[in-house]
Structure formats: structure tokens, C-alpha cells
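Step one of this worksheet: look at the structure below.
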Amino acid sequence: MPDLPVLDPQPLRDLLEIGATEGLVQELIVLYQEDIPGRIRLLQKAVEGGDVRRTMAEAHGLKGALGNLGLLRFARLVERIETEARKGQLEAALPLSGQLQGAYGDGLADLVATFPPI
């Protein structure tokens, strides 16, 4: 997935252009920090437990949240997990789920670098 940038800042810039405050963008970044680690754990647990339906549901919801923030590479990783689950191939999703924490960290670093705390 190195072909995709970690972050496309345009979705958050679009929010700013339509009148959102920088404070709102910062709140979204804080929400990312608070919410996403738990969602990663739920997704990993579903994959490791062989729960196809829960894996698909967790991955789908997480993918949407990441897409809204412009976290392209992380969203693509989660999409790949969702695709493997849809095919019933959770053994193929297992190594992908091991990459989630790194993708989270990369996403957070790019969000903070692009939208530094005010």
C-alpha cells in the first residue's frame, strides 16, 4: 500500500472551507486517538476469533471513519481485511490485522503534522 499516501488532507480542509473551526478539526483528531485503538482491538479480536460477520461489520465501520478523515492507506488496509472476510478467508486477513497498529500510528503522525494542535 505504499502507492497510496497516508493522508489526503482534503476532506478535513473541505470542512474548514465550509466554515468548520480549526477546533473542530482538532476534536476529530482527538476522537481518532480515543476511538480508533478500541475499534482496532475489536477488529483484531474478530479476525483472530474467526468471526467473519463481525470482522466484516467492524472493518466496514472503521473503513468509513478513516475515509472521512482522509486516511487513505489505513482505510485501504481495513478494506482489504473486509474483502478477505467477505470471501471467508480470515486466515488471509490475520497478517493484515497485524498491520493495523502501525497504520494507526502513521495516520496519527500525518494528521498532527498536517493539522498541528492550536
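Since every read-out is calculated from the coordinates, none of them should be taken as a lab result. Given the structure is predicted, the values throughout are model-derived calculations rather than measurements. Don't worry about glycine lacking a Cβ; one is built from the backbone with ideal geometry, like all the others, and counts go over all protein chains shown.
When the dipole is taken about the Cα centre of the chain, and only Lys, Arg (+1) and Asp, Glu (-1) are charged at their Cβ, what size is it in debye, to the nearest 20? Walk me through the intermediate numbers first.
Numbers: 12 positive and 17 negative charges, 90 e Å.
Charge dipole, the chain, about its Cα centre: 440 debye, nearest 20.
Whole number please: convex hull volume per residue of the Cα set in the chain, in Å³?
On the way: hull volume 10.5 nm³, N = 118.
Output value, Cα hull per residue: 89 Å³.
Enter the angle in degrees (range 0 to 90, nearest 10) between the Cα long axis of helix 52-69 and the first principal axis of the Cα atoms of the chain, meaning the one along which they spread out most.
With rounding to tens, the tilt is 20 degrees.
Each label point is 7 Å from the Cα along the Cα-to-Cβ direction; what then is the distance between the points at GLN26 and GLN101, in nm?
The modelled label-to-label distance comes out at 2.9 nm.
Once you put a point 7 Å from the Cα of GLN10 and another 7 Å from the Cα of ALA57, both along the Cβ direction, what distance in nm separates them?
For GLN10 paired with ALA57, the spin-label model returns 3.3 nm.
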